[in-house]
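Visitor: Here you go, one structure.
The values are calculated or read from the model by the stated rules, or taken from the named source; none is laboratory data. Since we're looking at a predicted model, the values are computed, not measured. Virtual Cβ from ideal backbone geometry, glycine too; neighbours counted across all protein chains shown. The area values use the complete protein model at the heavy-atom level, side chains included, leaving out ligands, DNA and RNA. Shrake-Rupley method; radii C 1.70, N 1.55, O 1.52, S 1.80 Å.
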Amino acid sequence: MADPAGFIKFEREEPKKRPKEERLESWGEVYAEVPAGERNAAVRKQASRCMDCGIPFCHSGTAGCPLGNLIPEWNDLVRRGDWEAASDRLHATNNFPEFTGKLCPAPCEAGCVLSISPLSGGPVTIKRVEQTIADQSWEAGYVKAQVSAVSSGQRVAVVGSGPAGLAAAQQLTRAGHEVTVFERDDRLGGLLRYGIPEFKMEKKVLDRRLAQLRKEGTEFVTGCEVGVDLTVDDLNERYDAVVLAVGALRGRDDTTTPGRELAGVHLAMEHLVPANKFVEGDGPSPVDAAGKHVFIIGGGDTGADSYGTATRQGALSVTQLDQYPMAPAERDDERSPWPTWPYILRTYPAHEEAGERRFAVAVKRFIGDENGHVRAVELQKVRVSKDPETGRREVVPLSDEVEELPADLVLLAIGFEGVEEMALLDELGISLTKRGTVSCGADWQTSSPGVFVCGDAHRGASLVVWAIAEGRSVAHAVDAYLTGASDLPAPVHPTLLPLAVV
């Protein structure tokens, strides 16, 4: 049984980070390398803070982890030092715990019972425990290829190699199907490869897991755009089922602010992708922040990724703009009561390193030089209002006063609008919803028979943990479609949404 007083004995402690100066001089991960023995001893104490409470909201599909990770169970196994059993329990529900341990914002911690009151000292460091189990699993050799003993003779094509596609592929391969993953980029991983900066997750972590999938029998084809390089007729002839895990990479643009057409104003992904390719050894990025005054518009994850990338490229200054007021430091129970995802100020490691954030401001216009390149921005203080009838948001200037600041590079990190236009969808006869996503039935099957969808392509831009959960669930659906029944887990339903205050 868990220690009911563990959260009183031990304070919540986050993992140690490398010194800021050292982080800015390299692309390596933010967190410091700690000897395994010291790391494991510290994390056993953190796991001891878990009370194994009667109703563990941490692994609820709506208020906590959509994967249904059995968090209290592996917390207690870690507390007792049984790392191999903890690894088995963690991998039973999560194909890639090292991805979620590094990249997930941890809705499980928001749903932890210790999040109800700040007097508890804060929730269990679930994400840290998960990451340490994953690290120990690889170091101790607990992670092995799971090769199916039987073959179904059925062939499945997975289009897209992001976390949703990889999870679906691994589950279906282990079920005995012949799975081929098609990726249009030159390397595998989707946003894990070219969207997530190296300082958040080193790509050797991704490559290590890809090697496991290959040993299990999953085949990969890169540099192939399905619908162009491989026709839909060929796809239907060669495969018994198709999984669309193509993501939602159509970036939201700003077409209303004067000066948007100036050189030096880019969507954030136009900055992040070549920066990641540079780290992979592909040569200099055409969108480089070195020696420039950089403005990042948008306060979310993508903005923070561009922020940290720009500082490492050697920007003169980095300023991140958010049109909303600064969020509170602690949960407001009226606005976002436990166990919903709290509306609070989220500070990423990149924000601690350099630059500044400004709130309740927006760009009135981008100012160009004689060569048509952005040289400055005009900022206004604003208020965001919402029409009670239509629900539409409107950004209203508080005055006519403007502030002009030098800007050599502007990055728009204002979200994604859905699935990109692609020949594949046209040839399959699949149209997008108003949200820019691909709809499906209760069995994850699209309007095109034998074609399934999962991840951001279905849900819209979301969290890595939801992508893996949907990948696992679509694998169950495809397995049942091909064989008549399936023992594979299906942690989420296509219509499941996180618990939220409406």
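Visitor: Name the single residue that is most open to solvent (accessible area, probe 1.4 Å) among those in region 230-258 being in a loop (DSSP other than H, G, I, E, B) and touching a Gly at 6+ places or on another chain (Cβ under 8 Å).
Guide: Ranking the qualifying residues of region 230-258, first place goes to 252.
Visitor: Now for a separate question. Being more than 19 Å from the chain's Cα centre (by Cα) and among the acidic types (Asp, Glu) narrows it down to one residue among 139, 183, 98, 130; which is it?
Guide: 139
Visitor: Filter region 52-100 down to residues that are in contact with a Gly (Cβ under 9 Å, 6 or more places away or on another chain) and of a type in the set (D, E, K, R), then give me how many there are.
Guide: Adding up the residues that qualify gives 1.
Visitor: Here is a follow-up. Checking residue 69 against (1) in contact with a Phe, Trp or Tyr (Cβ under 9 Å, 6 or more places away or on another chain); (2) in a loop (DSSP other than H, G, I, E, B); (3) open to solvent by less than 50 Å² (accessible area, probe 1.4 Å); (4) at pLDDT 95 or above, which single condition isn't satisfied?
Guide: Residue 69 satisfies every listed condition except (1).
Visitor: For residue 372, which of the numbered conditions (1) in contact with a helix residue (DSSP H, G or I) (Cβ under 9 Å, 6 or more places away or on another chain); (2) open to solvent by less than 50 Å² (accessible area, probe 1.4 Å); (3) of a type outside the set (A, V, I, L, M, F, W, C) fails to hold?
Guide: Every listed condition holds for residue 372 apart from (1).
Visitor: A further question follows. Kindly list the number of the only condition in (1) touching a residue at least 40 places away in the same chain (Cβ under 8 Å); (2) open to solvent by less than 30 Å² (accessible area, probe 1.4 Å); (3) in contact with a strand residue (DSSP E or B) (Cβ under 9 Å, 6 or more places away or on another chain) that fails for residue 472.
Guide: The one condition residue 472 does not meet is (3).
For (1) at pLDDT 95 or above; (2) surrounded by 24 or more Cβ atoms within 10 Å (Cβ to Cβ); (3) in a helix (DSSP H, G or I), each residue gets a yes or a no:
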residue: 84; (1), (2), (3): yes, no, yes
residue: 87; (1), (2), (3): yes, no, yes
residue: 94; (1), (2), (3): yes, yes, no
residue: 102; (1), (2), (3): yes, no, yes
residue: 119; (1), (2), (3): no, no, yes
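Visitor: Does any residue of region 260-268 turn out to be buried (at least 19 other Cβ atoms within 10 Å of the Cβ) and charged (D, E, K, R)?
Guide: No, region 260-268 has no match at all.
Visitor: Yes or no: residue 480 without any contact (Cβ under 8 Å) to a residue 60 or more places away in the chain and either touching a Leu at 6+ places or on another chain (Cβ under 9 Å) or in a helix (DSSP H, G or I) (or both)?
Guide: So residue 480 passes the test.
Visitor: Inside region 430-472, can you point out the residues that are within 24 Å of residue 59 (Cα to Cα), hydrophobic (A, V, I, L, M, F, W, C) and assigned to a loop (DSSP other than H, G, I, E, B)?
Guide: Listed by number, the residues that qualify are 442, 444, 454, 461, 463.
Visitor: Still on this structure, I have one more. Among what's in region 139-198 and is acidic (Asp, Glu) and touching a strand residue (DSSP E or B) at 6+ places or on another chain (Cβ under 9 Å), pick the residue that is nearest to residue 214 (Cα to Cα).
Guide: The qualifying residue nearest to residue 214 (Cα to Cα) is 178.
Visitor: Being open to solvent by less than 10 Å² (accessible area, probe 1.4 Å) and outside any helix (DSSP H, G or I) is the filter here; which residues of region 200-225 pass it?
Guide: 201, 218
Visitor: Now, a different point. Just checking, how many residues over region 407-427 are more than 24 Å from the chain's Cα centre (by Cα) and either open to solvent by 20 Å² or more (accessible area, probe 1.4 Å) or among the polar types (S, T, N, Q) (or both)?
Guide: Selection size over region 407-427: 4.
Visitor: Quick test for you: out of 54, 61, pick the one residue that is of a type outside the set (S, T, N, Q), without any contact (Cβ under 8 Å) to a residue 24 or more places away in the chain, surrounded by fewer than 20 Cβ atoms within 10 Å (Cβ to Cβ) and not in a helix (DSSP H, G or I).
Guide: Being of a type outside the set (S, T, N, Q), without any contact (Cβ under 8 Å) to a residue 24 or more places away in the chain, surrounded by fewer than 20 Cβ atoms within 10 Å (Cβ to Cβ) and not in a helix (DSSP H, G or I) holds for just one of 54, 61, which is 54.
Visitor: Would you mention how many residues in region 143-162 are open to solvent by 20 Å² or more (accessible area, probe 1.4 Å) and closer than 25 Å to residue 132 by Cα?
Guide: Matching residues across region 143-162 total 4.
Visitor: Only residues that are free of Cβ contacts under 8 Å to residues at least 40 places away in the same chain and touching a Ser or Thr at 6+ places or on another chain (Cβ under 9 Å): list them for region 337-373, please.
Guide: Across region 337-373, the qualifying residues are 343, 344, 356, 358.
Visitor: Among (1) under 21 Å from residue 83 (Cβ atoms); (2) free of Cβ contacts under 8 Å to residues at least 12 places away in the same chain; (3) open to solvent by less than 50 Å² (accessible area, probe 1.4 Å), there is one condition residue 5 misses while meeting the rest; what is its number?
Guide: Single failed check for residue 5: (1).
Visitor: Let me ask something else about it. Please determine whether any residue of region 321-336 is open to solvent by less than 60 Å² (accessible area, probe 1.4 Å), in contact (Cβ under 8 Å) with a residue 60 or more places away in the chain, closer than 14 Å to residue 407 by Cα and assigned to a strand (DSSP E or B).
Guide: no
Visitor: Out of all the residues in region 176-195, which are in a loop (DSSP other than H, G, I, E, B) and open to solvent by 30 Å² or more (accessible area, probe 1.4 Å)?
Guide: 184, 185, 186, 187
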